[in-house]
Amino acid sequence: MPFALCLFPFLVLCTLNSAGYRYGASDLAFYIPAALEKLDPSLFPRDGALIASQARLTMIDETIGLLSRVTGLGLPSLFATLYGTTLALLLAGALLVGRLLYRSAWTTLALAGALTLRHAIAKSGTNTLEGYFHPRQLAFSLGVLALVALMRQRIGISAALVLAGGLLHPTTALWFAIWIAIAWSVNEPRWRVPVAVAAALAAVGVIWMLVAGPLSGRLVQMDSEWLATLETKDYLFPLDWPAYAWLLNLVYAPTIFLIYRRRRDAGVLAPGERGVVWGCLALLLVFALALPINAARLAIVIQLQIPRIFWMLDFVAITYLVWVMAEDLRGEERRARIVCALIAVASLTRCGYIKFIRFPDRPIAEITVPDNDWGRVMAWARTTPKDSGWLAHPGHAVQYGTSLRVAGERDVFVEGIKDAAIGMYERDVAIRTRDRLAELQDFDTLTPERARSLAERYRLNFLVTTERLDLPVAYSSGPLLVYRLR
């Protein structure tokens, strides 16, 4: 099935199932400021340490900065392009996987349709799709293509794709690296010794990074004070999961194994499929081995977010379930067409529900910060000195759709959700966020005296709020008021 014919419908369905594309949403509260700082190092003089605590672990900010300079694209256009590229690569991976595993092109289309049905991986902090560009999604798409290259016995290309994903999002690419190494060893017994040697060398390299390299300081136990800042991030601690999360995640393994055995007994296994399945199931062993270390609250294991392993199992389970529904052993063309149509109807129905019922006022795509009251205030913020400090509601990113660091390109006292998540990587950042959130418990009843006190202690210059206060107004748009604090 021609890739070009599928691309536009796939992009639209994925976007609508994700409640539309939004620049600056959610995790972009970190990724965009990190990229902005690479383009202009004078930005974020106050929040630089917070941003660096996660940025130093990847090359995504350097990559985006380089792409922006080379292409001349601003970040809004570049992020929209990367979002489309990510989905295009995922579609390419799905079509290639379908060509390897299925008899009918209609079954391949059904798989592509199934991948448009965005859903959360239980208690992993991960969705299969996002309504914005996320390097995690790009690394996953590259990982799927790496699996295809593996099945075609192009191990060099497979390794290169995983390495590229690792530079962008290491904690996604790592699981693909383990998966592919085991799969290659299963499929090619003569390569088991070289793969084992390579794995041992990689382990030595990881130990060096943890002991004396860029990851040093992470072989520590998180203390109770640090852990308390992560109490809302319960997905990080599997032994605390509710029963339903264990059930949903563990059901992947028997599903994959039983369908694999059915395909094996029927003699329809694709070349390299055996290794892919056993490599995928081996990720469960990695998860199991990590549980006691996670229970000991070793920082590096928690930071790796090992439950995301189940995202990989989810992909294989979906791929196999589509085969069962559309082909199984009979492989009737009519049956594949019906399943493809049913999945398409399911995706379109969900799109309609999200667009017209759940989020009727949300546009299909917001390529830039919208020109509303918040957007106009943020445009004014960008005209203020780059070293200015801002005070806003700690939940402002949720209230207005983008964080002040993203839309205003200025330091902000605290952005509750993302700053708390970044605290997972550095204890000092976690404690800073905790203390600053405590300072703003009374934000909705903030008095001029309290605002001035915070401004003096933390060298803050502006306050943005909807409350009317006895402070000098520097700018306003609609109900939003910007007060000058110093």
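The values are calculated or read from the model by the stated rules, or taken from the named source; none is laboratory data. All figures in this text were calculated on a predicted structure; none of them were measured in a lab. Ideal geometry is used to build each Cβ from the backbone, glycine not excepted, and the neighbour counts take in all protein chains shown. We work out accessible area using only protein heavy atoms, side chains counted, and drop any ligands, DNA or RNA first. Shrake-Rupley method; radii C 1.70, N 1.55, O 1.52, S 1.80 Å.
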Rounded to the nearest 500, what is the chain's calculated 222 nm mean residue ellipticity when only DSSP H runs of at least 4 contribute -39500 (n - 2.57) each, over all residues? -19500 deg cm²/dmol
How many Å³ per residue does the convex hull of the Cα positions in region 77-235 occupy? 155
Counted charge near L460, where neighbours are those whose Cβ lies closer than 10 Å (Asp, Glu -1; Lys, Arg +1): +3
How large is the convex hull of the C-alpha atoms of region 64-117 per residue, in Å³? 86
Could you state the angle between the C-alpha long axis of helix 135-151 and the longest principal axis of the C-alpha atoms of the chain, as a value from 0 to 90 degrees rounded to the nearest 10? 10
First measure r as the distance between the Cβ atoms of L219 and V398, then evaluate 1/(1 + (r/R0)^6) with R0 = 30 Å and state the FRET efficiency to the nearest 0.05. 0.30
Residue-span extension gain [A379 to D444] - 0.36 nm each, minus C-alpha spacing: 21.0 nm
Among the trypsin sites (Lys or Arg not before Pro) within region 348-402, which fall in a DSSP loop and have no more than 15 other Cβ atoms within 10 Å of their own Cβ? R382, K386
Where the convex hull is taken over the Cα atoms of region 333-433, what is its projected area averaged over directions, in nm²? 10.2
Cα centre as origin, Lys/Arg/Asp/Glu Cβ charges: the chain dipole, Debye: 1320
Which angle between 0 and 90 degrees, to the nearest 10, do you get for helix 60-71 versus the longest principal axis of the chain when only C-alpha atoms count? 90
In Å and on Cα atoms, what radius of gyration and Dmax does region 441-484 show? 10.0, 30
Any idea what diffusion coefficient region 402-461 gets from Stokes-Einstein, in µm²/s, Kirkwood Rh on alpha carbon pairs, 25 °C, 0.890 mPa s? 197
Working from Cα positions, state the angle (0 to 90°, nearest 10) between the long axis of helix 170-187 and the longest principal axis of the chain. 10
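Around D61, with a cut-off of 11 angstrom between Cβ atoms, what is the net charge of the other residues, counting Lys and Arg +1 and Asp and Glu -1?
0
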Sparse-neighbour loop sites [GluC sites (Glu not before Pro); region 307-408; at most 16 other C-beta within 10 Å; DSSP]: E332
Cα-based Rg and Dmax for region 1-151, where Dmax is the largest Cα-Cα distance (Å): 17.0, 58
On average over all directions, what projected area in square nanometres does region 138-218 have, based on the convex hull of its Cα atoms? 5.2
To check my understanding: the extent here is largest minus smallest coordinate of the Cα atoms along each principal axis. What are those three numbers for region 321-374, in Å, largest first? 59, 21, 15
Flagged as over-length at 23 Å C-alpha distance, from K386/K418; K355/K418; K233/K418; K38/K386, the pairs are K355/K418
For region 374-486, take N as its residue count and report Rg(C-alpha) divided by 2.2 N^0.38 Å. 1.00
Short to long, in 20 Å steps from zero, the percent of alpha-carbon pairs of the chain per bin is 22, 53, 23, 3
Which translational diffusion coefficient, to the nearest whole µm²/s, is obtained for region 203-296 from the Stokes-Einstein equation, given a Kirkwood hydrodynamic radius over C-alpha pairs, 37 °C and 0.692 mPa s? 197
For region 220-374, rounded, prolate or oblate, judged on the Cα gyration tensor with a ≥ b ≥ c (square roots of eigenvalues), a/c < 1.5 rounded, else prolate if a/b > b/c? oblate
Within 15 Å, Cβ to Cβ, of A183, how many net charges do the neighbouring residues add up to if Lys/Arg are +1 and Asp/Glu are -1? +3
Test of understanding: what is the full-extension gain from V193 to F3, defined as 0.36 nm times their sequence separation minus their Cα-Cα distance? 64.6 nm
Give the carbon-plus-sulfur fraction of the accessible surface of the chain in %, rounded to a whole number; probe 1.4 Å, heavy atoms of protein chains only. 63
